[in-house]
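The values are calculated or read from the model by the stated rules, or taken from the named source; none is laboratory data. These figures come from a predicted structure and were not determined experimentally. Here the Cβ is made from the backbone with ideal geometry for all residues, glycine too, and neighbour counts use every protein chain on show. The area values use the complete protein model at the heavy-atom level, side chains included, leaving out ligands, DNA and RNA. Shrake-Rupley method; radii C 1.70, N 1.55, O 1.52, S 1.80 Å.
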Amino acid sequence: MVHPSALNRRSLLTGTAALAAATALPGRARAQKPVIRIGVLTDLAGLYQDIVGPVAVEAAKLAVDDYGLASKGYTVEVLVADHQNKPDVGAGLARQWYDRDGVDVIVEGGSSGVALAVSAVAKDKNKVYLTSGPATSDLTGKLCNANTVHWAYDTYMLGRSTGGALAASGGDPWFFITADYAFGHALQRDVSGFVTAAGGKVLGHIATPFPATTDFSSFLLQAQASGAKVIGLANAGGDTINCIKQAKEFGIKQTLGGLLVFISDIHSLGLEVAQGLACTESFYWDLNDRTRAFSARLRKRVPERRAGMAQAGPYSAVTHYLKGVDAMGVAEIKKDGAATIARLKAIPTDDDCFGPGSIRQDGRKMHPSYLFKVKKPSESKGPWDYYNVIATTPSEQAFRPLNDGGCSLVKT
Amino acid sequence: MFMILGYPAPLMFGQLLLGLINGAFFALLSLGLAVIFGMLNIVNFAHGALFMLGAFVAWGLLNFLGVNYWVALLLAPLIVGFFGVLLEKTLISRLYKLDHLYGLLLTFGLALVIEGLARNEFGSSGVPYPIPSQLQGAMNLGFMFMPIYRGWVVLASAIMCLITWLIIEKTSIGATLRAATENAPLVQAFGINVPRMITLTYAGGVALAAFAGVLAAPIYSVNPNMGANFIITVFAVVVIGGMGSILGSIVTGFGLGIIEGLTKVFYPQGSSVVIFVVMVIVLLVRPAGLFGKAA
């Protein structure tokens with residue numbers, strides 16, 4: 001493809017500019033107080049820009065402001081860079097940040113491929129990585145480590161909530177339209193598990209080329225012809241948007257299971273097309289008073305958009321890390337990444353986005369997940385008023401049981 | 001139920017029809033490219049970005065000015081065509097005397113700038129554009145459920161292809177245009193303003209891309225990358241058809257759409273590469289393309 005190389009140059013410039021701006025501003029304070037450096041590693045100009053991107057950066061900065069540093073004995077710098085959805089670029093930036101720029105903690109840092117690479121760097125350098133963008137549940141499973149915490153969501157949570165709910169409401173048998181790469185197959189695997197556990201059947205799947213597919217009508221018709229009642233969409237972003245749009249166009253009557261859908265996708269689809277869709281997130285801006293208060297503050301920084309769960313993640317992670325700084329002291333928290341994470345796991349989490357929660361041994365951040373149904377246009381009061389809550393899964397059940405993941409940190 | 005190659009016939013008919021629909025987009029886009037290449041000798045890499053721009057202009061017209069789909073179908077190509085005039089006058093016209101590569105680099109750069117700006121403004125997941133109310137719904141063809149809008153896309157692009165072909169091959173304007181490509185100084189000597197003709201040709205090719213963009217807006221997600229997804233495939237179509245061949249790009253556009261559609265049934269994973277496989281074979285057997293004249 002021609003375009004990815006194009007993205008590089010542009011995003012590199014953005015990244016460097018942002019980095020320069022971020023490091024230049026708080027220069028004066030440096031002399032008096034010690035500095036905690038937080039690196040937000042994200043997709044600033046690619047496929048997942050709307051799912052994480054600039055809103056995630058602002059959420060991290062908001063967390064710093066909300067925490068109130070005036071009375072503290074340290075200051076905080078927030079650095080920003082673009083991983084371009086490439087594992088090698090992400091790992092390179094992480095190495096540079098940890099080694100050269102004195103970054104203490106990296107937040108966000110998804111898609112799945114990038115996150116697995118950065119997680120390995122964090123372990124290698126014994127630093128701290130609190131990630132919220134990636135989907136893969138392997139981060140707290142067989143590829144877990146003592147330097148990584150996975151915030152916000154994972155493929156297991158999505159499979160259990162959306163997949164389980166559809167299967168339980170009589171949605172059976174299933175057919176999958178799967179993005180033909182690691183993430184798509186992982187999502188299909190996790191969801192199939194819940195479908196069959198609920199006594200359902202999976203009739204088959206079509207692996208669609210990624211990322212070059214724009215017309216899914218052919219695959220949708222094949223899924224329809226399979227005789228399945230539920231068509232599971234094991235893809236994300238633009239692929240999911242195109243599938244939903246085109247299924248509506250072709251009058252496909254089967255239930256569509258959008259397995260990884262963010263509020264930004266709904267915004268892009270429009271309610272006319274998206275209405276009635278079931279989807280799962282662990283955060284919604286209009287969930288309760290605390291999420292509304294958070295969103296009101298965030299709106300002052302990004303008036304046009306609302307955060308989804310992957311963007312609320314950095315807010316929650318930064319807040320929790322700063323609590324850790326207060327508990328351990330600046331010198332101590334910088335010393336040993338694994339020890340820092342161990343301490344962070346011991347402190348209960350609590351913030352406006354996810355409410356009270358905890359971090360489990362395997363690095364899984366625990367909080368409830370919510371099954372939503374997308375509103376009809378007539379029910380919505382305006383842009384971003386999109387979800388009705390259908391069901392809440394308490395944190396202990398929202399995520400994979402501790403012993404089932406195969407994480408080496410779990411002592412039985 | 002009778003079967004074709006082991007697949008139920010209704011499924012196969014459905015896929016053929018879908019292939020034809022996608023082929024309509026290939027044909028429209030590659031037609032614009034072929035016109036521009038044939039007349040200007042410029043490989044217009046900005047074509048995908050201008051296709052995207054057409055879709056966004058239609059969206060903007062609807063959301064800010066309340067201009068409906070039908071008017072946008074006329075207006076968006078005009079607006080983007082005018083933008084094409086600006087591009088040609090200020091930048092592209094400076095490259096005619098240089099090697100093809102310069103034109104390729106310039107238009108590729110333009111594509112990056114246009115797409116980058118759009119991404120900055122609209123994000124990466126795009127904006128919704130509704131199907132016009134007159135074309136909503138679907139017909140039951142017996143073997144498949146045919147959305148009326150998709151039928152319209154095939155019809156509209158076939159008509160547009162025919163009009164373009166007629167203008168270039170059968171009118172006196174087209175004849176002058178073709179003559180100017182052969183020998184510009186001579187045509188100019190007859191008192192014809194060749195540079196202006198070339199500018200208008202570029203604008204026309206670009207307008208075709210924008211027209212396709214408006215047609216695509218209700219079907220695909222209107223996002224900054226929508227052109228990038230198409231453009232490489234469309235280049236393959238142009239190469240297979242024969243660079244610069246008008247008829248070739250139309251016929252191969254529809255034909256390859258059908259081939260791609262069938263691949264989606266037999267081997268879905270391969271559907272994104274099948275066109276390039278065809279391209280390789282065609283280049284080996286007929287280096288000038290199916291309809292191209294050997295140099």
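So in region A:382-412, with the set limited to residues that are of a type outside the set (A, V, I, L, M, F, W, C) and touching a His at 6+ places or on another chain (Cβ under 8 Å), which one is farthest from A:Leu158 (Cα to Cα)? Among residues in region A:382-412 that are of a type outside the set (A, V, I, L, M, F, W, C) and touching a His at 6+ places or on another chain (Cβ under 8 Å), the one farthest from A:Leu158 (Cα to Cα) is A:Pro383. If you scan region A:368-412, which residues turn out to be among the β-branched types (Val, Ile, Thr) and either touching an Asp or Glu at 6+ places or on another chain (Cβ under 7 Å) or within 23 Å of A:Pro356 (Cβ to Cβ) (or both)? Within region A:368-412, A:Val389, A:Ile390, A:Thr392, A:Thr393, A:Val410 qualify. Inside region A:210-237, residues that are surrounded by 24 or more Cβ atoms within 10 Å (Cβ to Cβ), facing chain B (nearest Cβ under 7 Å) and either assigned to a strand (DSSP E or B) or touching a residue at least 60 places away in the same chain (Cβ under 8 Å) (or both) make up a count of 1. Among the residues making up region A:269-308, none is within 14 Å of another protein chain (Cβ to nearest Cβ), part of a helix (DSSP H, G or I) and within 18 Å of the chain's Cα centre (by Cα).
Note on region A:345-412: enclosed strands (runs of 3 or more DSSP E) holding 2 or more residues that are closer than 13 Å to A:Tyr284 by Cβ are A:369-374, A:387-393.
Okay, residues lined up against (1) in a helix (DSSP H, G or I); (2) more than 29 Å from B:Val265 (Cα to Cα):
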residue	(1), (2)
B:Leu18	yes, no
B:Leu29	yes, no
B:Gly38	yes, yes
B:Asn44	no, yes
B:Ala49	yes, yes
B:Leu53	yes, yes
B:Ala58	yes, yes
B:Asn63	yes, yes
B:Val67	no, yes
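Only one of the numbered conditions (1) open to solvent by less than 10 Å² (accessible area, probe 1.4 Å); (2) touching a Ser or Thr at 6+ places or on another chain (Cβ under 8 Å); (3) not aromatic (Phe, Trp, Tyr) is violated by B:Ala210, and that is (2). Scan region A:239-263 for residues that are within 14 Å of A:Ala274 (Cβ to Cβ), in a helix (DSSP H, G or I) and in contact (Cβ under 8 Å) with a residue 40 or more places away in the chain and jot them down. If the condition is that a residue be within 14 Å of A:Ala274 (Cβ to Cβ), in a helix (DSSP H, G or I) and in contact (Cβ under 8 Å) with a residue 40 or more places away in the chain, then A:Cys243, A:Ile263 are the ones that fit.
Is at least one residue of region B:253-266 open to solvent by 20 Å² or more (accessible area, probe 1.4 Å) and more than 14 Å from chain A (Cβ to nearest Cβ)? There is at least one residue in region B:253-266 that is open to solvent by 20 Å² or more (accessible area, probe 1.4 Å) and more than 14 Å from chain A (Cβ to nearest Cβ). When region B:37-62 is filtered for residues that are in contact with a strand residue (DSSP E or B) (Cβ under 8 Å, 6 or more places away or on another chain) and open to solvent by 10 Å² or more (accessible area, probe 1.4 Å), the ones remaining, listed by number, are B:Phe56, B:Trp59. For region A:264-282, residues that are closer than 24 Å to A:Ala168 by Cβ and hydrophobic (A, V, I, L, M, F, W, C) total 5.
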